[in-house]
Amino acid sequence: MSFADDMRAATASMWDAAVGHRFVDELWAGTVDDAVMARYLAQDALFLDRFVALLGAAVATADRTEPRLAIARQLGLVAGDEDDYFGRALARLGATGPADPQPATQGFLDLMDEARGSYADALTVLLVAEWLYLDWASRDARKPDDWLHREWIDLHRGPAFTTWVDLLRTETDRIARDADPATRERMTELFTRAVDLERAFFDASYGGS
Ligand SMILES: Cc1ncc(C[n+]2csc(CCO)c2C)c(N)n1
């Protein structure tokens, strides 16, 4: 197994709790309460801002041209399509002004700030955020009719997004192969924290933390 697969296997119960979360089930069913969706997206707007900064850090710290360019292209996409969805979704839900970060969001912001220092760390946190979303969005099920739910699923699946996650996995494996044991241990710790935060982030949409 690859290093990325090992990290995922080590967090399997937490990973599955996030991918099978009530929020994901309701999103697929098209039954997420508008207040839950609004809370989720308002927090995710805060997440996304720092995520773009993390992508920028990965662009800056990549040790090869090819992945640097691939990450830079993805950065452009996130700043385009995804931002467009947020504008329309938050307007429809009547969200006003920026939210204060919930504890799970704050945990993510801190984690992303910490991970900006090296390519190994940045990749690890990017990998969780993208791979876990690809996983829940790739269900083989009927899609909801409402664009609010359907587009949020469509943004995280499909051939282009799968190729992007493959690149993150390949890069993580390559960097881990050449890394010392302390770096690999740190990558595993960051991966685990990120998976735990993904689950907590969904929980928080229902008013927990
Ligand atoms: C808490 C949280 N974790 C992961 C993602 C996923 N995500 C963030 S940016 C991006 C890039 C391409 O759309 C993806 C998939 C999210 N939105 N919110």
How much length is gained on full extension from R92 to R64, taking 0.36 nm per residue of separation minus their Cα-Cα distance? 5.9 nm
For S2 and E185 in one chain, what is 0.36 nm times their gap in residues minus the Cα-Cα distance, to one decimal in nm? 64.4 nm
Can you give me the distance in nm between label points at T162 and V52, each placed 7 Å from the Cα along the Cα-to-Cβ direction? 2.9
What FRET efficiency comes out for the pair A35/D113, r = Cβ-Cβ distance, R0 = 35 Å, nearest 0.05? 0.75
Among V125, V36, V165, whose mean-square fluctuation peaks in a Gaussian network model of the chain (Cα, cutoff 10 Å)? V36
How large is the helix-only mean residue ellipticity at 222 nm for the chain, computed as the sum of -39500 (n - 2.57) over DSSP H runs with n ≥ 4, divided by its residue count, in deg cm²/dmol to the nearest 500? -25000 deg cm²/dmol
Between W147 and S13, with labels modelled 7 Å along Cα→Cβ, what's the label distance in nm to one decimal, could you check? 4.3
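Bear in mind that the values in this text are calculations on the coordinates, not laboratory data. These figures come from a predicted structure and were not determined experimentally. All Cβ positions, even for glycine, are placed from backbone atoms using ideal geometry, and neighbour counts span all protein chains on display.
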